[in-house]
Structure formats: C-alpha cells, structure tokens
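As structure tokens, the structure follows; a few thoughts come after it.
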Amino acid sequence: MVDLSIYAGNNRKNPSVATTGTLGIKLAGDTGTLVNGESYKIGTIPAGSLVKSVDVIVTTAFNGTASAVDIGTTVAGSDLGNDLSLLTTGVVAGTAGTYFAASTPIYATVADGGTVGDCKVVVQFIETDTTLAEFTA
C-alpha cells in the first residue's frame, strides 16, 4: 500500500472503512410463483453507491421456452441486466460499474419463467461516501 501522506502535505487523512452490501432475492419457479412479465423488487441501493456486480445464480434450470430475467432500476427495466438466461444452471453476469448518486430501487422482471426452476439474483455494491478517505493539506 502506498503512503500518500508524503505527497502535497497529505499528512492528515481520515480513516477509511469499507462499507459493502448485497441485495438478493430468490426466485423459485414452483407452479404459480413466477408470473411472466411480473417485476419483483430486490431491494434499494443506498445513495452514493457503486454497483460492483450483478449476478443471477441458476441452481435449477427453468423449463420455460425462453426463460430469462431482466434486472433494472425501474419496474420492467433492464439497465443492469437484459435477458439473462434461466435455461441452464450456472452464473449469468449482468452489468456492473454503475454509480448511483441517489437511493435507487432494483427490480427483477421475469420472462416466461415456466413452472420449474430456481435462481438467486445478487447485486453487490460499495457505499463510496463511506469508503473513500479524505486527504487534507
């Protein structure tokens, strides 16, 4: 780790404490549970946060003909993940590296969920307002 205190008089720095978080929801495709086109609220990203990853972990493949999920900041939105397939087991990555200046809800919208399947939607973020040290002269 580089000691920045030797540069430009930055000898007084506030401590940095990492604040990370995870939003998650389990979508189970038991009969009648998932509705085609239905949006499910995962949670809310705090203001001043950077999304580090958006992942869908499919533990049991869905049996719809085109089962997929969109992850977004609005109902039926897809700005964090568009048509992420639920047809095979494994991890499907969405879009990371998005900064939210304001507190923002996150939604998962299912397309053709089918009657069988199991997945978890995980959104990991860092609250940058609490993790960045301030350097003073």
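The values are calculated or read from the model by the stated rules, or taken from the named source; none is laboratory data. Quantities reported herein were computed from a predicted structural model and do not represent experimental measurements. Note that each Cβ is placed from the backbone with ideal geometry, even for glycine, and that neighbours are counted across all protein chains shown.
Residue-wise test of (1) of a type in the set (Asp, Glu); (2) modelled with pLDDT of 90 or more.
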{"residue": "42", "(1), (2)": "no, no"}
{"residue": "51", "(1), (2)": "no, yes"}
{"residue": "64", "(1), (2)": "no, no"}
{"residue": "70", "(1), (2)": "yes, yes"}
{"residue": "90", "(1), (2)": "no, yes"}
{"residue": "93", "(1), (2)": "no, yes"}
{"residue": "99", "(1), (2)": "no, yes"}
{"residue": "125", "(1), (2)": "no, no"}
{"residue": "137", "(1), (2)": "no, no"}
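What is the residue count in region 54-88 for residues that are surrounded by 15 or more Cβ atoms within 10 Å (Cβ to Cβ), out of contact with any Gly (no Cβ under 8 Å at 6 or more places or on another chain) and either among the polar types (S, T, N, Q) or under 12 Å from residue 107 (Cα atoms) (or both)?
Number satisfying all stated conditions: 3.
Can you find a residue in region 11-23 that is under 18 Å from the mean Cα position of the chain (by Cα) and modelled with pLDDT of 75 or more?
no
How many residues does region 62-74 hold that are within 20 Å of the chain's Cα centre (by Cα), part of a loop (DSSP other than H, G, I, E, B) and under 16 Å from residue 27 (Cα atoms)?
Summing the residues that are within 20 Å of the chain's Cα centre (by Cα), part of a loop (DSSP other than H, G, I, E, B) and under 16 Å from residue 27 (Cα atoms) in region 62-74 gives 1.
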